[in-house]
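All of the numbers you see were taken from the coordinates with simple rules; none came from a lab. Quantities reported herein were computed from a predicted structural model and do not represent experimental measurements. Cβ: placed from backbone, ideal geometry, glycine included. Neighbour counts: every protein chain shown.
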Amino acid sequence: MKSIRFRFLVAALAVLLGGAIAKSQTADAPAPPPMHGHEFGMEGHRMGFFAKYLDLSDAQKAQMKAVMQKEHPTLKPLMQQLHQTRQQLKQYELGAYDEAKVRALATQQAQTAVELTVQETRIHNEMFQLLTADQQAKMKEFEANREARMQKHMQGAAAATPEE
C-alpha cells in the first residue's frame, strides 16, 4: 500500500513540477489551454517552488516544458473523462439511487484513474531523468521527508479517532 501511495505522490509531484515550469517560461511558445480553472499540471505556483528548490537550469525548464506540452494531449482526455464520471455519479448522490449504474460508473472511474496514474508516473520518470544526480538526490530526500510527515500526520489522526 505504501508503494502505491508513494508512486501516486511522485506522479502528482511530476505533474505539478511540469506545470510550474511550463507556467514560469516566457511566452515564446503558446501555453497549454487551462483545464477547469487551473493551468495544465495543477497549481503552477507549486511548480515554481520545485524549479527553485531544485535549482533547475533554463535548459531543464525548457525540456520539462516540452515534455508537458507533448503529454498534454494524453492527459487532457483522461482528466476530462474523470470529471465527466464524477458529474454522472453526482446525479445519484442528489437524486434517485441506482446501485448497478453507480457500480458501473465507479468501475469506469477506477479504470480511468489507473490509466491516468500510469501516464503520470511515466511522465514523472521522464522528467526525473532530466535532473542531475544531485537534483535527483534532493528530490528523493524531499519525497522521503514528505512521506515521513504524512505518516506522522496519519498516526496522529489515528490516535485522535475514538475507539468504539
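Here are some notes:
- Distance-filtered residues of region 69-86 - backbone nitrogen under 17 Å, label point 7 angstrom along residue 111 Cα→Cβ: 77-86
- Overall, region 51-164 carries a charge dipole of about 360 debye about its Cα centre when +1 sits on the Cβ of Lys and Arg and -1 on the Cβ of Asp and Glu, all other atoms neutral.
- Pairs of Cα atoms in region 46-157 fall into 10 Å distance bins, from 0 up to the last occupied one, in shares of 12, 29, 27, 23, 8, 1 percent.
- Here the extension length gained between residue 79 and residue 129 equals 15.5 nm, from 0.36 nm per residue of separation less the Cα-Cα distance.
- Violating pairs (Cα-Cα greater than 23 angstrom) within the set 70/140; 61/138; 76/140; 52/152; 65/140; 52/138: 70/140; 76/140; 52/152
- Cross-link partners for residue 101 among the lysines, with Cα-Cα distance under 16 Å and sequence neighbours closer than 8 places in the same chain left out: 90.
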